[in-house]
Amino acid sequence: MMTETATAPAGGLPEAVFDPERLAAVAASGLLDTPAEGTFDDLAELALAITGAQKAFFTVADGRRSFWKAAIGLDAGAVRENDIRDSPCHILIGTGLPLIAEDAVNDPRIRDLAAVGALGIGAWAGYPVVSPEGHVLGGFCVVDQDARPFTPGQTRALQTLARSVSSEIALRQALRQARAAGDASAALARTLQDSLLPPRLAEAPGMDAAAAHLAADATGEAGSNVVGDFYDLFHTRGKNWAAVMGDVCGKGVDAAKVTALARYTVRAEAGQHTHPSVVLHRLHQALAAQRVSDRYLTAALASFRPAADGVGVVGRYASAGHPPALIRRADGSVEELDAPGTLLHPDLPPAQDALKDTTFRLFPGDALLLYTDGITEARDRERGPLFGDARLARTLAATRGWDAARTVDHLRRAVREHSGGHAVDDTALMLLRVAGGPA
C-alpha cells in the first residue's frame, strides 16, 4: 500500500492533506487500493436513489491521489482514482466541512479542478468521512451532470450516509483491535458495543428523553460479547422526529455488522419516508441486498411530530417482530402499543405486506417506552420467574409524574434487583416523555 509522507504543502493544497497523523489514519483504515465492497457500494447506490444524481463516490485520499473505494455510475473498468489536486476531496480535508456546489462550472471553489471537466460535473455535493480520531480520510459525494439545487432533505441524507461510512470504518478498526488483543479485549469489546449506540440522545423539542443499555454477563472469547441491541433518536425532516429500538439475534462480529447496517439504513430511510412500516420494509431490503450476516433482526420504529393543536405529539409506530411499546399516561395508567409485523431476515419473503402502522398521541406528561426483550426475560441465576410483561407494566406505572431519566433509572434498578445482578442477555430501553403534565 502506498502512502504519502510529505510534510509540506504542495501545489496549493491545504496543509491538512499532508498532516502525518492524517496520513497514518488513512493507512490504518486499510482501504487504499482495495476492491469495491458491497457495504460501501450500497450506501453510494442509496445516495443516488435519494438525490437523483448520476454518480456517487466514497473516496479515500492520501497526499498524492484520491482513491475511489466506491464509484457508482462509472463505466466498468474505469480508473478508480485521480490526482488529489484535481479532486474536490482535498477541499473537504482542508476545511473538515461539507461542500455543496450546485453550479460546479461557475463555482470558484471547484470550477478550475480537472475533475469538473473529466467527470462532467455540473453539480457536486459531498461530506467528509472521518477516522475514529477525527481525521478526514476522504469524502462521500454525489455528482450530477447538470447544475441543480440539493434539497435540505437530500443533504441531510448525504450527511447521514457519510457518517455511516465513518462508523463502518470505526467498527472495522475496533474489531481488528479486538481480535489482536485476544483474551485481554473484554473492555475493548464493550467499547465497541458502546460505539454502536449514540453517545447521547438528541434533544427533540418539547420532549424529555433518556435511554440505558444494560450489559449481559461477560462470557466467551474476545469480541463475542458485542451484541446487537441498539437504539437511536434523531430528527428526520421538518418538525418530524424518529425513535428506533432494535435487537439482532446473537452476539459477536456478525451481530455488530447487522446493527451498524440497521442504524444507518433507518436513519437514511426515515428522512425520506414518513411511515415507519415503509422504513422497516426498506431495512428488510437492505438486509437482503447486503447480506452482511444471516442474523434475525427485530425492530420498532416510532415517528412523531408536534400535534396540530399544539398539545403533545402525534405519531406512527411500526414493529418488525419486536416487543410492543408501552405508553405510560400522565395519570399512571399503562397502555400497550402494538403493530403487526414479522421479524426481518435476508431469506424471508418481502415484509412490506406484513408491516402495518399504528397511530398514537401523547399528551403532556405521557411517555413512550421502547425496549428489548432482555428486560422481560430477566431472571436470577436459579432460573426463577421472568421479570415479565406484567411486572414491567406495573413498574412503569409506578413512575407516574417522573421525568425520563428517573423513570429509566428506576426500570434499570428494578430489573437488576429482580435478577440479582445476573443477566444472560443485554437489554436496551429508551423512554420519550412529553414535557409538562402533573409532577
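The values are calculated or read from the model by the stated rules, or taken from the named source; none is laboratory data. Note that the structure is a prediction, hence the values are computed from the model and not measured. Counting neighbours? That spans all protein chains shown, and the Cβs are built from the backbone with ideal geometry, glycine included. All accessible areas refer to the heavy atoms of the entire protein, side chains included, with ligands and DNA or RNA removed. Shrake-Rupley method; radii C 1.70, N 1.55, O 1.52, S 1.80 Å.
Among the residues of segment 364-391, those that are closer than 16 Å to T427 by Cα, more than 26 Å from the chain's Cα centre (by Cα) and not basic (K, R) comprise E377, A378, D380, L386, F387, G388, D389. The condition of being without any contact (Cβ under 8 Å) to a residue 60 or more places away in the chain, touching a His at 6+ places or on another chain (Cβ under 7 Å) and either at positive phi or open to solvent by less than 10 Å² (accessible area, probe 1.4 Å) (or both) holds for only one of V258, V279, V248, V266, that being V279. Restricting the first member to segment 313-332 and to residues that are touching a residue at least 12 places away in the same chain (Cβ under 8 Å) and assigned to a loop (DSSP other than H, G, I, E, B), and the second to residues that are crowded, with 21+ Cβ neighbours inside 10 Å and β-branched (V, I, T), the beta-carbon pairs closer than 6 Å and six or more apart or on different chains are G321/T298; H322/T298.
Do we have R413 as under 13 Å from L368 (Cα atoms) and among the charged types (D, E, K, R) here? In short, no.
Which is buried (at least 18 other Cβ atoms within 10 Å of the Cβ) and in a helix (DSSP H, G or I), of L431, L396?
Step by step, each of L431, L396 is checked, and only L396 is buried (at least 18 other Cβ atoms within 10 Å of the Cβ) and in a helix (DSSP H, G or I).
When the strands (runs of 3 or more DSSP E) confined to segment 173-261 are screened for residues that are closer than 24 Å to V278 by Cβ and at pLDDT 80 or above, those reaching at least 3 such residues are found at 230-235, 241-248.
For segment 333-382, which positions are part of a strand (DSSP E or B) and either under 16 Å from T407 (Cβ atoms) or in contact with a Ser or Thr (Cβ under 6 Å, 6 or more places away or on another chain) (or both)? Working first, answer last.
First pass over segment 333-382, keeping only residues part of a strand (DSSP E or B): 334-337, 344, 358-362, 367-371.
Within segment 333-382, V334, E335, L362, A367, L368, L369, L370, Y371 qualify.
The sole residue among A147, A53, A47, A76 that is assigned to a loop (DSSP other than H, G, I, E, B), touching a residue at least 60 places away in the same chain (Cβ under 8 Å) and small (G, A, S) is A53. Entry remark, segment 359-402: residues being in contact (Cβ under 8 Å) with a residue 24 or more places away in the chain and in contact with a helix residue (DSSP H, G or I) (Cβ under 9 Å, 6 or more places away or on another chain) number 17 in total. For segment 11-33, residues that are open to solvent by 50 Å² or more (accessible area, probe 1.4 Å) and either at pLDDT below 90 or not in a helix (DSSP H, G or I) (or both) total 4. Say we look at segment 337-388 and pick out the residues that are of a type in the set (S, T, N, Q) and in contact with a strand residue (DSSP E or B) (Cβ under 6 Å, 6 or more places away or on another chain); which of these is least open to solvent (accessible area, probe 1.4 Å)? Out of the qualifying residues, it is T372.
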